[in-house]
Amino acid sequence: GLELSHCVGANSLGPAVPWRSRGPCKMKRVRTVFKPEQLERLEQEFLKQQYMVGTERVDLAATLHLTETQVKVWFQNRRIKWRKQSMEQKAAKLSQFGVIQPATADSTDIKDHEEDTVDVEL
């Protein structure tokens, strides 16, 4: 099942309070903590292919005792990290040759994608 922490915005000294006093309490999901063996296998699969879909994702999730959603989100987040690292390496190479890299749409895209990073625990 879902593991949920206390209400978002709840007073830590008192009981949980409904979010903005409207409706039920909004709960914050607990971040998934992967075991080292799971991370190693996920990284191995990522080196083979950056996109895991369909039955491959279902099989990998079952093998690692994770949900399909956890595997999907891990791959999404890993692709963002991979793109960011690629951009940083490219910038470092250009700076070695004295080329100053102007701000591009690509570099702002990375920042936008970082905010889309999602941690899901199901």
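The values are calculated or read from the model by the stated rules, or taken from the named source; none is laboratory data. Just so you know, these numbers come straight off a predicted model, no measurement behind them. Here the Cβ is made from the backbone with ideal geometry for all residues, glycine too, and neighbour counts use every protein chain on show. We work out accessible area using only protein heavy atoms, side chains counted, and drop any ligands, DNA or RNA first. Shrake-Rupley method; radii C 1.70, N 1.55, O 1.52, S 1.80 Å.
Each residue in region 52-77 was checked for being hydrophobic (A, V, I, L, M, F, W, C) and outside any helix (DSSP H, G or I), and 3 pass.
Are any of the residues in region 66-73 more than 23 Å from Thr55 (Cα to Cα), buried (at least 16 other Cβ atoms within 10 Å of the Cβ) and at pLDDT 60 or above? No, region 66-73 contains no residue that is more than 23 Å from Thr55 (Cα to Cα), buried (at least 16 other Cβ atoms within 10 Å of the Cβ) and at pLDDT 60 or above.
For region 74-96, a tally of residues being open to solvent by less than 70 Å² (accessible area, probe 1.4 Å) and more than 23 Å from Glu40 (Cβ to Cβ) returns 4.
One line per residue, one yes/no per condition, for (1) of a type outside the set (A, V, I, L, M); (2) assigned to a helix (DSSP H, G or I); (3) under 18 Å from the mean Cα position of the chain (by Cα):
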| site | (1), (2), (3) |
| --- | --- |
| Cys25 | yes, no, no |
| Leu42 | no, yes, yes |
| Gln50 | yes, no, yes |
| Arg79 | yes, yes, yes |
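Would you mind telling me which numbered condition in (1) open to solvent by less than 80 Å² (accessible area, probe 1.4 Å); (2) on the phi < 0 side of the Ramachandran plot Gly54 fails? Among (1) open to solvent by less than 80 Å² (accessible area, probe 1.4 Å); (2) on the phi < 0 side of the Ramachandran plot, the lone unmet condition for Gly54 is (2). Restricted to region 27-40, and to residues there that are charged (D, E, K, R) and more than 15 Å from the chain's Cα centre (by Cα), the residue that is modelled with the lowest pLDDT is Lys28.
Among all residue pairs at least 6 apart or on different chains, which show Cβ distances below 8 Å where the first residue, located in region 53-73, is within 15 Å of Glu37 (Cβ to Cβ) and the second is among the basic types (Lys, Arg)? What qualifies is Leu60/Arg41; Thr63/Arg41; Leu64/Arg41; Val71/Arg57.
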